[in-house]
1. For the range 14-109, build the charge dipole from Cβ charges (+1 Lys, Arg; -1 Asp, Glu) around the Cα centre, then report which of P85, Y106, S36 sits farthest towards its positive end.
2. What area, in nm² and to one decimal, does the C-alpha convex hull of the range 1-63 cast on average over all directions?
3. State the three equivalent ellipsoid semi-axes of the chain, derived from the C-alpha gyration tensor as the square roots of 5 times its eigenvalues, in descending order and whole Å.
4. What number, in percent, do you get for the relative contact order of the chain if the mean sequence gap of Cα pairs under 8 Å and at least 6 apart is divided by its residue count?
5. Cα gyration tensor of the range 40-100, axes a ≥ b ≥ c as square roots of the eigenvalues: rounded (a/c below 1.5), prolate (a/b > b/c) or oblate?
6. Tilt of helix 2-20 relative to the longest C-alpha principal axis of the chain, in degrees (0 to 90, nearest 10)?
7. Given an 8 Å cut-off on Cα distances and at least 6 residues of separation, report the relative contact order of the range 1-48 as a percent.
8. How much mean residue ellipticity at 222 nm does the chain get from its helices, if each DSSP H run of length 4 or more adds -39500 (n - 2.57) and you divide by all residues, to the nearest 500 deg cm²/dmol?
Amino acid sequence: LRYALREIREAIDAYKRASDDGKIERKADASGYPPSLATLVEGVEEKTSPEKTKIYFLRRIPKDPLTGEDWGLRSYASPASDPQPGKDVYDVYSRSDEVGLNKVPYREW
C-alpha cells in the first residue's frame, strides 16, 4: 500500500510541477493538478516540444492492494478531514476500513 500510494502521489506531484513550469497546458481556472488518474497514464502534450510529444507520468495505475478496487480521490478544493472527488486529483487514499499495525487506519495513510 505504501509503495502504491507513493508511486501515484509522486506522479501527481510531477504533473503539478510540469503544469507550474509551463510545460503542459493549464486553463486559467485550473489548479494545475491532473483532471483524473487516467491522465497520468494517457499523457499530455508538452507545450515546449516542437514535435508535440507527450509527457507520461505513470505506466499504469496500480490498484489498491487492500481492496483490489479503485482509489478514493481527493480534489484540491476538498479538506483532508473529508476527502471528496472534484475537478482534479490532488491526492488518493485507500477505501479499506482496516487498521494497520501502527494503529492508523489505512485510509489515512
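1. It is S36.
2. With every direction weighted equally, the projected area is 4.3 nm².
3. Semi-axes from the Cα gyration tensor: 28, 15, 10 Å.
4. For the chain, the relative contact order is 23 percent.
5. oblate
6. 30 degrees
7. 38 percent
8. Value at 222 nm, helices only: -7000 deg cm²/dmol.
Here, each number is a calculation from the coordinates, and none is a lab measurement. Computed from a prediction, not measured in an experiment: that's the story for all the values here. With ideal geometry, Cβ positions are generated from the backbone for all residues, glycine too; neighbour counts draw on all protein chains shown.
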